[in-house]
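Structure first, commentary second.
Computed from the coordinates by the stated procedures, all read-outs in this text should not be read as laboratory data. These numbers were taken from a predicted model, which means no experiment stands behind them. Heads up, the Cβs are rebuilt from the backbone with ideal geometry, glycines too, and the neighbour counts pull from every protein chain shown.
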Amino acid sequence: MAEPKEFLEDMRWGEEHYSELQKQYKDKWVAIVGKKVVSHGENLEEVENKAKKISGKKYVPVIFVESGAAIY
């Protein structure tokens, strides 16, 4: 099944604005609807469920925003 066009556009927006999201949502899950963050937190399921409830959409893109600090 193909994802709705809005899903793909919001996912792309998240990728394009990743560095901005890192400043505000380090190490958090972020749900994007309408090219804006509608929900965020540490628990993927909670973030996704809240975003679906807020938006009324069945599919909501959720990305994990890493802090950028990596230990090797």
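Side notes on the structure shown:
- Enumeration of residues in region 49-72 that are farther than 16 Å from Glu6 by Cα, in a helix (DSSP H, G or I) and touching a residue at least 12 places away in the same chain (Cβ under 8 Å): Lys50
- Residues that are in contact with an Asp or Glu (Cβ under 7 Å, 6 or more places away or on another chain) and at negative phi within region 30-44 comprise Ala31, Ile32, Val33, listed in sequence order.
- Residues being assigned to a strand (DSSP E or B) and not hydroxyl-bearing (Ser, Thr, Tyr) - total across region 8-48: 11
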